[in-house]
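Q: Structure incoming, see below.
The values are calculated or read from the model by the stated rules, or taken from the named source; none is laboratory data. On a predicted model such as this, the values are computed, not experimentally measured, just so you know. With ideal geometry, Cβ positions are generated from the backbone for all residues, glycine too; neighbour counts draw on all protein chains shown.
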Amino acid sequence: MDASFAKPFEQKYGCKVIPTYAGSSDEMYAKIKASKGKSYDLVTASGDLTKRLYDANLVEAIDLSLVPNYKDLFPIFQQPAYNTFDGQAYGVSIAWGPDFLIYDKSVVKSEPQSWDVLYQPEYQGKVSLPDYPIFNADVALWKGSSNIYDISKERLATDIKPDLFRLRPQVRKFWNSQGELAQLFLNKEIALAWGWPVAIEELKRANFPVGATIPQEGTTGWSDSWMLLKGSPNKEIAHAWMDYMLTGEAQKPMTEVTGYWAVSKQVLPLLTAEQRRDSHLEDIENYYSQIHFWETVPNYDDWVALWNEFRGQ
């Protein structure tokens with residue numbers, strides 16, 4: 001949790017924001033289940049995790065009267081399907097973004113036009129992927145499949161497995177954090193990766209020749225929400241935090257530090273024209289509609305089984 005946006009809140013409310021990090025939604029879910037509601041007040045959950053938490057009775061509805069800045073969310077982030085259940089808001093959007101094809105410009109000389117670049121022989125052992133079964137959906141997307149988050153066990157075996165497994169010789173390492181991914185690039189261990197804006201921003205700060213693109217097949221993406229964990233003893237301050245994180249004063253440093261894209265209209269006058277353009281805030285609804293955002297996978301155990309087989313090759 002970067003001090004640039006956490007410290008002002010701590011000073012105002014006389015509290016301490018204590019973050020715990022997780023490398024994936026699966027890890028986050030496991031931490032929350034293990035804590036039995038005693039270790040955390042809030043969780044930032046992507047769209048593949050929100051309903052899992054709701055179905056497991058681990059979160060409770062948000063009192064939007066305590067989040068007055070909610071009204072300044074871009075409309076697409078006000079009670080979206082991924083954090084609204086039984087007509088109630090169970091989450092407050094915080095950030096969003098696409099899953100990028102990241103590349104080393106000194107090795108990959110021109111911007112890739114297709115995800116097929118990951119399969120090219122010259123990049124064998126030079127690719128990094130997330131250690132996360134949701135990646136199966138990306139393979140489905142590249143193949144032109146519909147309903148990429150609702151793929152049966154049978155279709156996983158016939159439609160996804162062959163192309164997924166063709167990637168295995170290409171993979172140098174599966175990353176578990178964006179810091180780890182950035183270091184793989186800095187060490188010149190990889191030339192290509194599927195990754196997020198945090199790694200891109202870290203590489204830019206290191207003056208690394210990083211490129212990032214969304215190829216012609218399109219991409220998946222994530223939209224994160226604050227969710228209130230059931231049994232939190234700090235509900236009032238948790239709501240205050242959710243409200244604070246929608247202010248322009250918090251959204252601006254968050255986007256600058258992480259590279260994640262803002263959700264609140266309050267940030268617009270605080271960003272440069274270049275920042276607004278790069279994060280598509282001026283054509284947000286059109287751009288957002290082109291990304292296949294993560295959803296809860298109905299038969300997730302089957303996805304995990306396929307992924308573990310792929311990992312173990």
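Q: If the requirement is being in the same structural domain as residue 54 (by TED's automatic domain parsing) and either aromatic (Phe, Trp, Tyr) or in contact with a helix residue (DSSP H, G or I) (Cβ under 8 Å, 6 or more places away or on another chain) (or both), which of these qualifies: 261, 307?
A: 261
Q: Which residues, counting only those in segment 159-177, are within 17 Å of residue 306 (Cβ to Cβ) and in contact (Cβ under 8 Å) with a residue 40 or more places away in the chain?
A: 160, 161, 164, 165, 166, 167, 168, 171, 174
Q: Which number in (1) surrounded by fewer than 15 Cβ atoms within 10 Å (Cβ to Cβ); (2) of a type in the set (S, T, N, Q); (3) under 25 Å from residue 282 (Cβ atoms) marks the one condition that residue 69 misses?
A: For residue 69, the failing item is (1).
Q: Let me ask something additional. Of everything in segment 198-231, what is buried (at least 18 other Cβ atoms within 10 Å of the Cβ) and either hydroxyl-bearing (Ser, Thr, Tyr) or in a helix (DSSP H, G or I) (or both)? Give them in sequence order.
A: Listed by number, the residues that qualify are 198, 199, 200, 201, 202, 203, 219, 220, 223, 225.
Q: Anything in segment 177-204 that is aliphatic (A, V, I, L, M) and over 14 Å from the mean Cα position of the chain (by Cα)? List them, or say none.
A: Listed by number, the residues that qualify are 181, 182, 184, 186, 190, 191, 192, 193, 203.
Q: Same structure, new question: How about segment 178-190: which of its residues are surrounded by 16 or more Cβ atoms within 10 Å (Cβ to Cβ) and either in contact (Cβ under 8 Å) with a residue 24 or more places away in the chain or not in a helix (DSSP H, G or I) (or both)?
A: 178, 181, 182, 184, 185, 190
Q: How many residues, within segment 285-313, are under 21 Å from the mean Cα position of the chain (by Cα), within 18 Å of residue 24 (Cα to Cα) and of a type in the set (A, V, I, L, M, F, W, C)?
A: Going through segment 285-313 one residue at a time, the tally reaches 6.
Q: Shifting gears a bit: Identify the residue in segment 72-120 that is of a type in the set (D, E, K, R) and more than 25 Å from residue 178 (Cα to Cα) and, among all such residues, is surrounded by the fewest Cβ atoms within 10 Å (Cβ to Cβ).
A: 86
Q: Something else: Hey, any hits in segment 155-174 for a residue that's among the aliphatic types (A, V, I, L, M) and part of a loop (DSSP other than H, G, I, E, B)?
A: yes
Q: Quick one: how many residues across segment 4-43 are surrounded by fewer than 16 Cβ atoms within 10 Å (Cβ to Cβ) and outside any loop (DSSP other than H, G, I, E, B)?
A: 13
Q: Out of everything in segment 85-112 that is assigned to a loop (DSSP other than H, G, I, E, B) and of a type in the set (A, V, I, L, M), what residue ends up being nearest to the chain's Cα centre (by Cα)?
A: Only one residue tops the list, namely 108.
Q: A further question on this structure: So for segment 132-139 (the condition being β-branched (Val, Ile, Thr), in a loop (DSSP other than H, G, I, E, B) and in contact with a strand residue (DSSP E or B) (Cβ under 8 Å, 6 or more places away or on another chain)), does at least one residue qualify?
A: Yes, there is a match, as at least one residue in segment 132-139 is β-branched (Val, Ile, Thr), in a loop (DSSP other than H, G, I, E, B) and in contact with a strand residue (DSSP E or B) (Cβ under 8 Å, 6 or more places away or on another chain).
Q: Still on this model: Among the residues of segment 113-123 satisfying the criterion of being assigned to a helix (DSSP H, G or I) and not charged (D, E, K, R), which is farthest from residue 258 (Cα to Cα)?
A: Going through the qualifying residues, I end up with 121.
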